[in-house]
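Chemist: Have a look at this one before I ask anything.
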Amino acid sequence: MLNISNLHVKVEDKEILKGINLKVNAGEVHAIMGPNGSGKSTLSHVLSGRSGYEVTEGTVDFLDNNLLELSPEERAHLGVFLAFQYPVEIPGVNNAYMLKAALNAIRTYRGEEELDAMDFMAFVKDKVKLVQLKEDLLSRSVNEGFSGGEKKRNEIFQMAVLEPKLAILDETDSGLDIDALKIVADGVNALRSPERSMVMITHYQRLLDYIEPDFVHVLVDGKIIKSGDKKLALELEKRGYDWVREEAA
Amino acid sequence: MESLVSKFEQFLETEDNVTLSNNSLDWLTNARKKGIAHFAKVGLPTPRDEHWKYTNVAPIKKKEFSLTNTKEHDVKAADLDVFRFKNLETIELVFINGLFCSALSSTVSDERGIVLNNLSSWLAEGHQQDLTVDAGDYVFASLNNAFMSDGAVLHVADNELLEKPVHLIFVATDTEQATMTYPRIDIRLGKNAEAKLIESYVSLGEAKNLTNVLTNIIADENSQLEHYRIQEESDAAYHLANIFIEQKKDSRVTSHSVSLGSAIARVDAKVNLSETGTENILNGLFLGKGRQHTDHHLLVHHLSPHTRSEEYFKGILDNASRGVFNGKVVVHKDAQKIEAIQSNKNLLLSPNAEVDTKPELEIYADDVKCAHGATIGRLSDTELFYLRSRGISEEKARALLTFAFADDVVNRMSLVPVREYLERKLIGQLSSSDQIDDLKDLI
Ligand SMILES: Nc1ncnc2c1ncn2[C@@H]1O[C@H](COP(=O)(O)OP(=O)(O)O)[C@@H](O)[C@H]1O
Ligand SMILES: [Mg+2]
């Protein structure tokens, strides 16, 4: 599904990603762990098409498309979804309206009929329950005045509605208390399917207790320096990142 | 425009609808003479004038506009439907190229003491009331005094409430010779009176007219007025407006100014909060595209303690358009415990668009609460990326964010049908046609 090969990325002339290789097959859940500032969010932004990043080397193939030459909306149409580490507040833009416009854009791309307001509300009804999002948040401005936990739940809710093929979850666990974490994890687990891949970015192993990854990668200083299964996450939890660094050196 | 002084003598001699057929009224003749004398002395403003630094009226100066209008037109009631508010019953007065159109209008004169009429009919009824307005330094107000033509009179007696909003529609058509009109609107609310009035300035076709309107508002003790002006004249038109507001004890006046049309539009609002307990709110939204130029100059005088004012303006400038905002608040000596809020936020949609904004404060009292801010920005990259990452096209994401920026001002209006009318207008202006249908769900 996703094949990242030797990806080098610069931000403002500073090299942040220094040769990332990652292959994600359909249905797999990959966790990417790493200390703050190692380039995890940069990777998620580059994959979803945010401007301001210069790819100096490497390729990203997504379902036989050269992902890097597509606009953010084209990537979304193909099935890429990013759950933001810091969901953006957009005053004056209605949450439900935004999501309906997004869903219809994606449906149109897929050759499906657009949903009108009533069908849309019916469609999202169950998805709201999935992450126990308060319904009145739907009629508010996008993320405006939402609590930290509500913002993260709203991201997973959007993912449930848009049904992406590849979901990139950037620190969806950060800032959540244990109850909220369970709700979000249950939501994500419900969305796991053989056709859907996920890349979960986190620096706590805690999330992985609830969402079990198939693979764990360690990203340090712009490079994946070790990969393994979920046991690697436990080891990182116990021993920190230094031993992996030393091992790689 | 340069020949205005020479036109004046003839204007004063003529007895017709344009001249209000009534040169025998002393106050009117005096107002006209004083007006033209001021204009003869100072002429049209130039960018050397501090208040006209950013707005050059040279294009107006060079053009010739005709004062004489024929009553003939082919405007039908249905032609105006697009300018009406759905689900809002209003009392409508229609003026076509400056002349009152009785066939398309209704008036009010009831035993409760509510008078709504066009100015020339009201004068013809023999009213002697002096409607003189002191133009001060406002030269276009002086010109309106000099050439004052038909317009509207809304007088509400003490303790009365006019339930239905008044809708004044000033229509300009694409006449062979460009016309200039000088409508006068006189609004007086008695003690505890209430009214709502909407002024619409519209064009049918590419009208190249000049409108120079003066709205004079006197709000007596504890009265309440909600006033709107929606200016959507053709891009070839020129629009000049003065709004003078005088507020007595505990009165509350809210005035919304929406500026969408005209090549050059300039609105001057002057507010006197003369007595204690008064509140004045000026809201505004200006949209510029092409080479349009839109200028709002506000001047609010806090003359008494315990008064409150708010200026809340937003501008959206596209292409090579230019916006000007100048909001000045003067807190006079002894006007203690006042509150004044000024805000002007601007959104530039193109690298060639420009805005000059200046909230000004002059304070001669010491116990005051004032806040002011002005911003000039572009659409947020972060917000755009968030929307696009969900699959929304860049074009639509831009339209959405721009609409949201503008809608904030629209939402400050109390008449929901007017809001909906404006939202439809905004959507029409902000997005290309294939986006419109979908964006309509917004409202
Ligand atoms: N827009 C930017 N401008 C300059 N430096 C940036 C920018 N974005 C990220 N960086 C730098 O890139 C590095 C990686 O950041 P990031 O990808 O956010 O890390 P992580 O998500 O792993 O904490 C950091 O050193 C950060 O300071
Ligand atoms: Mg990060």
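The values are calculated or read from the model by the stated rules, or taken from the named source; none is laboratory data. Nothing here was measured: the structure is a model prediction, and the numbers come from that model. Neighbour counts are summed over all protein chains in view; Cβ atoms, including those assigned to glycine, are modelled from backbone coordinates with ideal geometry. The accessibility values were calculated without ligands, DNA or RNA, using every heavy atom of the protein model including side chains. Shrake-Rupley method; radii C 1.70, N 1.55, O 1.52, S 1.80 Å.
Chemist: Here is a list: B:Thr179, B:Thr175. Which entry is at pLDDT below 95 and either open to solvent by less than 30 Å² (accessible area, probe 1.4 Å) or within 16 Å of the chain's Cα centre (by Cα) (or both)? Working first, answer last.
Modeler: Details: B:Thr175 fails: either open to solvent by less than 30 Å² (accessible area, probe 1.4 Å) or within 16 Å of the chain's Cα centre (by Cα) (or both).
It is B:Thr179.
Chemist: Sticking with this one: Quick check on this structure: which one of B:Ala406, B:Ala397 is in contact (Cβ under 8 Å) with a residue 12 or more places away in the chain, more than 7 Å from chain A (Cβ to nearest Cβ), assigned to a helix (DSSP H, G or I) and closer than 30 Å to B:Ala195 by Cα?
Modeler: On the way: B:Ala397 fails: closer than 30 Å to B:Ala195 by Cα.
So the residue among B:Ala406, B:Ala397 that is in contact (Cβ under 8 Å) with a residue 12 or more places away in the chain, more than 7 Å from chain A (Cβ to nearest Cβ), assigned to a helix (DSSP H, G or I) and closer than 30 Å to B:Ala195 by Cα is B:Ala406.
Chemist: Could you identify the single residue in A:Glu112, A:Glu155 that is acidic (Asp, Glu), more than 23 Å from B:Ala404 (Cβ to Cβ) and more than 10 Å from every other protein chain (Cβ to nearest Cβ)?
Modeler: A:Glu112
Chemist: Do you know which residues across region B:1-35 are open to solvent by less than 20 Å² (accessible area, probe 1.4 Å), under 9 Å from B:Ala146 (Cβ atoms) and under 25 Å from the mean Cα position of the chain (by Cα)?
Modeler: B:Leu4, B:Ala31, B:Arg32, B:Gly35
Chemist: Looking at (1) small (Gly, Ala, Ser); (2) in a strand (DSSP E or B); (3) more than 12 Å from the chain's Cα centre (by Cα), find the lone condition where B:Ser257 falls short.
Modeler: Exception for B:Ser257: condition (3).
Chemist: Also, I was wondering about something else. Of the residues B:Gln429, B:Gln435, which is open to solvent by 10 Å² or more (accessible area, probe 1.4 Å), within 14 Å of another protein chain (Cβ to nearest Cβ) and modelled with pLDDT under 95? Quick ask: steps written out before the conclusion?
Modeler: On the way: B:Gln429 fails: within 14 Å of another protein chain (Cβ to nearest Cβ).
When all the criteria are applied, what remains is B:Gln435.
Chemist: Can you pull out the residues in region A:142-152 that are within 14 Å of chain B (Cβ to nearest Cβ) and open to solvent by 10 Å² or more (accessible area, probe 1.4 Å)? Outline the logic, then answer.
Modeler: Narrowing region A:142-152 to residues within 14 Å of chain B (Cβ to nearest Cβ): A:142-144, A:146, A:151.
Listed by number, the residues that qualify are A:Glu144, A:Phe146, A:Lys151.
Chemist: Considering only region B:188-208, I want to know if a residue exists there that is more than 17 Å from the chain's Cα centre (by Cα), open to solvent by less than 10 Å² (accessible area, probe 1.4 Å) and of a type in the set (Ser, Thr, Tyr).
Modeler: no
Chemist: What are the residues in region A:120-133 that are under 24 Å from A:Gly149 (Cα atoms) and part of a helix (DSSP H, G or I), if any?
Modeler: Here is the first cut: in region A:120-133, the ones under 24 Å from A:Gly149 (Cα atoms) are A:121, A:123-133.
Those that are under 24 Å from A:Gly149 (Cα atoms) and part of a helix (DSSP H, G or I): A:Met121, A:Phe123, A:Val124, A:Lys125, A:Asp126, A:Lys127, A:Val128, A:Lys129, A:Leu130.
Chemist: State whether the residues of region A:187-200 include one that is in contact with a Phe, Trp or Tyr (Cβ under 7 Å, 6 or more places away or on another chain), away from ligand 1 (no atom under 16 Å from the Cβ), over 19 Å from A:Arg153 (Cα atoms) and more than 14 Å from chain B (Cβ to nearest Cβ). Spell out the reasoning first.
Modeler: Taking region A:187-200 and keeping what is in contact with a Phe, Trp or Tyr (Cβ under 7 Å, 6 or more places away or on another chain), we get none.
For region A:187-200, residues in contact with a Phe, Trp or Tyr (Cβ under 7 Å, 6 or more places away or on another chain), away from ligand 1 (no atom under 16 Å from the Cβ), over 19 Å from A:Arg153 (Cα atoms) and more than 14 Å from chain B (Cβ to nearest Cβ): absent.
Chemist: From the list B:Lys333, B:Lys314, which one is outside any loop (DSSP other than H, G, I, E, B) and not hydroxyl-bearing (Ser, Thr, Tyr)? Give the derivation first.
Modeler: Numbers: B:Lys333 fails: outside any loop (DSSP other than H, G, I, E, B).
So the residue among B:Lys333, B:Lys314 that is outside any loop (DSSP other than H, G, I, E, B) and not hydroxyl-bearing (Ser, Thr, Tyr) is B:Lys314.
Chemist: Same structure again: Please go through region A:14-35 and pick out each residue that is away from ligand 1 (no atom under 15 Å from the Cβ) and either within 14 Å of another protein chain (Cβ to nearest Cβ) or part of a loop (DSSP other than H, G, I, E, B) (or both).
Modeler: Answer for region A:14-35, where residues must be away from ligand 1 (no atom under 15 Å from the Cβ) and either within 14 Å of another protein chain (Cβ to nearest Cβ) or part of a loop (DSSP other than H, G, I, E, B) (or both): A:Asn25, A:Ala26, A:Gly27, A:Glu28.
Here's the yes/no breakdown for (1) at positive phi; (2) within 10 Å of chain B (Cβ to nearest Cβ); (3) not acidic (Asp, Glu):
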{"residue": "A:Ser48", "(1), (2), (3)": "no, yes, yes"}
{"residue": "A:Leu63", "(1), (2), (3)": "yes, no, yes"}
{"residue": "A:Asn66", "(1), (2), (3)": "no, no, yes"}
{"residue": "A:Phe84", "(1), (2), (3)": "no, yes, yes"}
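Chemist: Could I ask something else about it? Test of understanding: among A:Asp177, A:Asp242, which residue is modelled with pLDDT under 90 and more than 27 Å from A:Leu7 (Cα to Cα)?
Modeler: Details: A:Asp242 fails: more than 27 Å from A:Leu7 (Cα to Cα).
Every option except A:Asp177 fails the conditions.
Chemist: If you don't mind, another one. What's the number of the condition A:Val9 fails, among (1) open to solvent by less than 10 Å² (accessible area, probe 1.4 Å); (2) under 27 Å from A:Ile211 (Cα atoms)?
Modeler: All conditions pass for A:Val9, except number (2).
Chemist: Would you call A:Thr56 within 16 Å of ligand 2 (Cβ to nearest atom) and either within 16 Å of A:Ile16 (Cβ to Cβ) or within 14 Å of another protein chain (Cβ to nearest Cβ) (or both)? Working first, answer last.
Modeler: Values: within 16 Å of ligand 2 (Cβ to nearest atom): no; either within 16 Å of A:Ile16 (Cβ to Cβ) or within 14 Å of another protein chain (Cβ to nearest Cβ) (or both): yes.
So A:Thr56 does not fit the description; no.
Chemist: Look through region A:31-42, keep the residues that are more than 9 Å from ligand 2 (Cβ to nearest atom) and not small (Gly, Ala, Ser), and return whichever of them is farthest from A:Arg239 (Cα to Cα).
Modeler: A:Ile32
Chemist: Could you tell me whether any residue of region B:369-392 is at pLDDT below 95 and buried (at least 20 other Cβ atoms within 10 Å of the Cβ)?
Modeler: The answer is no; no qualifying residue exists.
Chemist: Could you tell me which of the residues A:Ser227, A:Ser139 is within 14 Å of chain B (Cβ to nearest Cβ), open to solvent by 30 Å² or more (accessible area, probe 1.4 Å), away from ligand 1 (no atom under 16 Å from the Cβ) and not charged (D, E, K, R)?
Modeler: On the way: A:Ser227 fails: within 14 Å of chain B (Cβ to nearest Cβ).
From the options A:Ser227, A:Ser139, the qualifying one is A:Ser139.
Chemist: Here's something else I'd like to know. For region B:231-282, give me each residue that is surrounded by fewer than 24 Cβ atoms within 10 Å (Cβ to Cβ) and more than 29 Å from B:Arg84 (Cβ to Cβ).
Modeler: B:Glu246, B:Lys248, B:Lys249, B:Asp250, B:Lys270, B:Asn272, B:Ser274, B:Glu275, B:Thr276, B:Gly277, B:Glu279
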